[in-house]
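Participant: Shown below is the structure under consideration.
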Amino acid sequence: MFEFALDGTSGSARAGRLVLPHGVVNTPCFMPVGTRGAVRGLHPLEVERAGAQILLGNTYHLHLRPGEATIATLGGLHQFTTWQKPILTDSGGFQVFSLSALRKLDEDGVDFVSHVDGSVRRLTPERAMEIQWALGADIAMAFDHLAPGQASPQETRDAMERTLRWLRRCRQRHDELSGAGPGRQTMWPIVQGGTDAAMRRESLAGILEQGEWTGVAIGGLSVGESKLAMHAVLELLAPDLPRSRPRYLMGVGFPDDLLEGIARGVDLFDCVAATRNGRHGSAWTSVGRVNVRGAALRLDEAPLDADCDCECCTRFSRAYVRHLFVSEEHLGPRLVSIHNIRFLIRLADTARGRILDGTFDAWAAQWRARYFAKGSMQ
């Protein structure tokens, strides 16, 4: 278990296979986000038919409700949700540190106020591992200190160094838990350091000094920095990341970001934008973004995207989807969410094929030109 093999490369872009206890994941891969144990508004079969190979669950939200003890009693997250393919859980660090007004940090961990019932909770590296072990995900993420994009250099450094110190504690506790169930779950570290090149290198070096890992995540690149800065960090890290291990870019998943990440050697992505945009009537298509509420679609009999094979595009017209949104029918947001998830999964799948046949660079250039073409409906 937890094996990764490269099937091919094209420049920095990679196509691989990640073996996990609940299945094999072909990379590059987009992971839909099931924050509270469900991809918002969608049935698991709809997510599976969209091509999802692996889902992300949120430790913070599942800890607060229904609680990891409840989920463990009911057979773990796979049994509880009926999703039998792989699951990755984040550590909860992003949520804790995004609620800056409601938390108190010390070296041992973080006290925070639950948004559910107002209770004061404490999350430490050890507790993050215990919660994720109880949830039963295939991949657990280390508990990190996330500095926002506007943080000062000193704040960014403090967070990066604390993340490395906490990583040792995460690994020790996870190793203790894994002793009772070898092969059940693996843990991945997270590279931090903002957009500072020296700090990013130091973070990665500190991670690799702590031993072998089955994968490495890159965090802190969807918290307010520019796209060019994100690209620069990925290019900086690519030569030093272990070639034989999967690379996961956390919280990034707009279509162009997915393509640019793949071009820079990223294997796994996740983001809530697919369903969040879907709920608000923003559909990603091969010719750019479409506002499905727009009056121009009132008599449009074409599908959202003529190139798409999703359950929305193969059955319904733009006019009908617009009608659903204007009428506030729940089906509208669900259909566009399905489409957006399928769009990202197809994008990653197509990129994989192009990497394997050696045409990735030419195809990526054509994709960018079409996606950002002047006159695309916005």
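Participant: In region 115-142, how many residues are hydrophobic (A, V, I, L, M, F, W, C), touching a Lys or Arg at 6+ places or on another chain (Cβ under 8 Å) and surrounded by 15 or more Cβ atoms within 10 Å (Cβ to Cβ)? Lay out the reasoning, then the answer.
Facilitator: Narrowing region 115-142 to residues hydrophobic (A, V, I, L, M, F, W, C): 116, 120, 123, 128-129, 131, 133-135, 137, 139-142.
Next, from what is left, pick out any that are touching a Lys or Arg at 6+ places or on another chain (Cβ under 8 Å): 116, 129, 142.
From what's left, surrounded by 15 or more Cβ atoms within 10 Å (Cβ to Cβ): 129, 142.
The qualifying residues number 2.
Participant: Kindly state which helices (runs of 4 or more DSSP H) lie completely within region 1-92 and contain at least 3 residues that are within 17 Å of W133 (Cα to Cα), touching a residue at least 24 places away in the same chain (Cβ under 8 Å) and within 19 Å of the chain's Cα centre (by Cα). Before you say what the answer is, go through the steps one by one.
Facilitator: Working: elements: 44-49, 59-64, 68-73, 76-81.
Ranges flagged: 59-64, 76-81.
Participant: Here is a follow-up. Please specify each residue of region 1-59 satisfying the condition of being surrounded by 22 or more Cβ atoms within 10 Å (Cβ to Cβ) and among the aromatic types (F, W, Y).
Facilitator: Of everything in region 1-59, just one residue is surrounded by 22 or more Cβ atoms within 10 Å (Cβ to Cβ) and among the aromatic types (F, W, Y), namely F30.
Participant: Can you go through F343, F269, F316, F325 and tell me which one is at pLDDT 95 or above and part of a loop (DSSP other than H, G, I, E, B)? Give the derivation first.
Facilitator: Numbers: F343 fails: part of a loop (DSSP other than H, G, I, E, B); F269 fails: part of a loop (DSSP other than H, G, I, E, B); F325 fails: part of a loop (DSSP other than H, G, I, E, B).
Only one candidate qualifies: F316.
Let's see how each residue does on (1) in a helix (DSSP H, G or I); (2) in contact with a strand residue (DSSP E or B) (Cβ under 8 Å, 6 or more places away or on another chain):
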| residue | (1), (2) |
| --- | --- |
| D117 | no, no |
| W133 | yes, yes |
| L164 | yes, no |
| R169 | yes, no |
| P182 | no, no |
| R201 | yes, no |
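Participant: On to the next question. Does any residue in region 147-174 that is without any contact (Cβ under 8 Å) to a residue 60 or more places away in the chain and more than 14 Å from Q210 (Cα to Cα) come within less than 8 Å, Cβ to Cβ, of a residue that is of a type in the set (S, T, N, Q) and assigned to a helix (DSSP H, G or I) six or more places away or on a different chain, and which pairs are these?
Facilitator: Here the result reads M160/S203, each pair linking region 147-174 to a residue that is of a type in the set (S, T, N, Q) and assigned to a helix (DSSP H, G or I).
Participant: Of the residues that make up region 176-193, is at least one among the charged types (D, E, K, R), surrounded by fewer than 23 Cβ atoms within 10 Å (Cβ to Cβ) and closer than 30 Å to F254 by Cβ?
Facilitator: Taking region 176-193 and keeping what is among the charged types (D, E, K, R), we get 176, 184.
Filter once more, so that each one left must be surrounded by fewer than 23 Cβ atoms within 10 Å (Cβ to Cβ): 176, 184.
Filter once more, so that each one left must be closer than 30 Å to F254 by Cβ: none.
Scanning region 176-193, I find no residue that is among the charged types (D, E, K, R), surrounded by fewer than 23 Cβ atoms within 10 Å (Cβ to Cβ) and closer than 30 Å to F254 by Cβ, so the answer is no.
Participant: Ok, one more. Find the residue count for region 286-313, including only residues that are over 25 Å from D349 (Cα atoms), surrounded by 15 or more Cβ atoms within 10 Å (Cβ to Cβ) and either at pLDDT below 95 or among the aliphatic types (A, V, I, L, M) (or both).
Facilitator: Number satisfying all stated conditions: 2.
Participant: What single numbered condition from (1) at pLDDT below 95; (2) touching a Cys at 6+ places or on another chain (Cβ under 9 Å) fails to hold for A50?
Facilitator: Tallying (1) at pLDDT below 95; (2) touching a Cys at 6+ places or on another chain (Cβ under 9 Å), A50 fails exactly one: (1).
Participant: Answer yes if at least one residue in region 285-308 is hydroxyl-bearing (S, T, Y), farther than 20 Å from V272 by Cα and either touching a Lys or Arg at 6+ places or on another chain (Cβ under 6 Å) or not assigned by TED's automatic domain parsing to the domain that holds G51 (or both), and no otherwise. Outline the logic, then answer.
Facilitator: We begin by selecting, within region 285-308, every residue hydroxyl-bearing (S, T, Y); these are 285-286.
In the following step, the residues that additionally are farther than 20 Å from V272 by Cα were identified as none.
Checking region 285-308: not a single residue is hydroxyl-bearing (S, T, Y), farther than 20 Å from V272 by Cα and either touching a Lys or Arg at 6+ places or on another chain (Cβ under 6 Å) or not assigned by TED's automatic domain parsing to the domain that holds G51 (or both).
Participant: Moving on. Which one is nearest to F269 (Cα to Cα), of the residues in region 205-230 that are part of a helix (DSSP H, G or I) and either within 17 Å of the chain's Cα centre (by Cα) or not assigned by TED's automatic domain parsing to the domain that holds G253 (or both)?
Facilitator: M230
The values are calculated or read from the model by the stated rules, or taken from the named source; none is laboratory data. Every value quoted in this text rests on a predicted model; they were computed, and no experiment measured them. In this analysis, Cβ positions are derived from the backbone assuming ideal geometry, glycine residues included, and neighbour counts consider all displayed protein chains.
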